[in-house]
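A.B. asks: Here it is, the structure, as structure tokens.
What follows draws every value from the coordinates through simple rules; no lab data is involved. A quick note: this is a predicted structure, and the numbers were derived from the prediction, not measured.
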Amino acid sequence: MAPGFWSVKPWWCQPWSIVATGLAVSGGSWLALHRWWITLPVGLLVLAWWGLFLVVVPSITPMDPEP
């Protein structure tokens, strides 16, 4: 992964904001509902979201400079 990948993204698409949002959604689900059978799928979706946007997309996105 090229180090420039994250430097061209806005603040809301930075790794820290993706992780913070996922933690807030998962934690908020538990705090609001106290139902593990709702929070567990929410957490699994967040993990899939993290995997997609923090691992897969940066590894497959070419960072060739524009001509």
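A.B. asks: State, to one decimal in nm², a quarter of the convex hull surface area for the C-alpha atoms of the chain, i.e. the direction-averaged projected area. Working shown, then result.
C.D. replies: Working: hull surface 19.4 nm².
That works out to 4.9 nm².
A.B. asks: What 222 nm value per residue comes from the helices of the chain, counting each DSSP H run with n ≥ 4 as -39,500 (n - 2.57) and dividing by all residues, nearest 500 deg cm²/dmol? Present the calculation step by step, with values, prior to reporting the outcome.
C.D. replies: Details: 3 runs with 38 residues, N = 67.
So the helix-based figure for the chain works out to -18000 deg cm²/dmol.
A.B. asks: Can you tell me the 0 to 90 degree angle between the C-alpha axis of helix 15-33 and the longest principal axis of the chain, rounded to 10?
C.D. replies: 10 degrees
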